[in-house]
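The values are calculated or read from the model by the stated rules, or taken from the named source; none is laboratory data. In this text, all values refer to a predicted model and were calculated from it rather than measured experimentally. Every residue, glycine among them, receives a Cβ derived from its backbone with ideal geometry; neighbour counts consider all protein chains shown.
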Amino acid sequence: MTTVNLLGIAEHARLGESPYRVDRDGAPYVPAGDGGIVLDFQLGDSVFSLHADHAAPGACLVHPDPAARHALTTFACIGNPAQVRTGPAAGAQGVVLGKRGEEGRVVVALQSEQLALLRPGDELLVRSSGQGWRPPRLDSEIAVGNIDPATFAALPADLANGGAAAIAVRAAVPSKLAGNGIGRPAVSWDLDLQLTEPPDGGQLLLGDLVAVTDLDARYNMGYRRGFVTIGIVVHGASPLPGHGPGITPILSGPSSVITADVTSEGRAGLTLEALQLQ
């Protein structure tokens with residue numbers, strides 16, 4: 001497994017020539033929270049708790065050079081350490097929570113008081129590792145990606161002697177709910193779930209593990225009967241048609257070797273405490 005130092009730039013919130021987008025019912029809205037540095041959203045919050053668009057819990061990192069931006073988004077993995085190198089928050093330690101498409105963004109969480117000091121344009125060092133890694137006992141039909149090995153070990157995942165994986169998840173949804181991200185490479189995009197409320201009347205929180213049935217995300221994400229993909233919820237809901245809460249995929253393969261067990265007891269995913277950000 002290779003470790004690579006990457007440079008990310010804290011993104012400034014961006015808008016096009018018009019401040020408005022059009023929601024699924026045809027009404028205009030201002031897409032607050034889409035990118036940039038979001039201060040009032042963190043792991044454990046409901047994805048529907050903010051009146052915002054694709055809000056991510058922390059800072060979105062980008063790079064002005066397109067090739068470097070693609071490398072940043074592809075190589076960074078959930079759980080990788082990120083350190084602020086410039087500005088008033090210099091020295092602050094954060095953690096990669098996931099990634100988003102739309103030209104490529106890496107989502108980094110920091111403690112709230114340090115995040116408040118972060119400025120758009122500040123530089124962060126991401127120490128990336130995990131892409132290309134796989135647990136030694138994992139079944140060869142299961143693809144794993146986008147996650148630091150130490151973070152994977154902390155998730156509620158059990159590997160059987162034959163390499164099959166059993167994962168505790170917050171929710172399981174069908175691939176017909178898959179929106180933005182379909183057809184895109186799983187190592188550099190997230191997948192939006194077209195949800196306007198929590199599935200099955202339960203909860204859906206930032207950091208939760210979610211299973212998507214009949215979805216193959218080993219390479220480019222797309223429908224495949226009999227497959228299942230496990231992802232971590234990395235951003236909030238969206239009023240935009242075809243969009244919604246986003247997951248970064250971490251496991252994908254045939255349902256014969258991946259079992260997703262829906263649980264409502266405790267957290268099934270990443271927490272601030274587990275990432276030592278409390």
Review point. Just checking, how many residues over segment 185-224 are part of a loop (DSSP other than H, G, I, E, B), touching a Leu at 6+ places or on another chain (Cβ under 8 Å) and of a type in the set (A, V, I, L, M, F, W, C)?
Key: 5
Point to revise | Selected residue (only one of ALA76, ALA10, ALA56 is within 30 Å of PRO136 (Cβ to Cβ), surrounded by 15 or more Cβ atoms within 10 Å (Cβ to Cβ) and not assigned by TED's automatic domain parsing to the domain that holds ASN180) | key: ALA76
Practice item. Quick one: GLY244 ticks every box in (1) over 13 Å from the mean Cα position of the chain (by Cα); (2) part of a loop (DSSP other than H, G, I, E, B) except a single one, so which number is it? Key: (1)
Practice item. Would you confirm whether any residue within segment 237-258 is among the β-branched types (Val, Ile, Thr), surrounded by 16 or more Cβ atoms within 10 Å (Cβ to Cβ), modelled with pLDDT of 95 or more and over 24 Å from ASP34 (Cα atoms)? Key: yes
Exercise for review: Considering every residue within segment 78-93, establish whether at least one is part of a loop (DSSP other than H, G, I, E, B), modelled with pLDDT under 95 and of a type in the set (D, E, K, R).
Suggested key: no
Point to revise | Candidate set from segment 174-205 (those that are modelled with pLDDT under 95 and among the polar types (S, T, N, Q)); member that is nearest to LEU270 (Cα to Cα) | key: GLN203
Check your understanding: So, in segment 163-176, of the ones that are surrounded by fewer than 19 Cβ atoms within 10 Å (Cβ to Cβ) and in contact (Cβ under 8 Å) with a residue 60 or more places away in the chain, which residue ends up farthest from GLU103 (Cα to Cα)?
Key -> GLY163
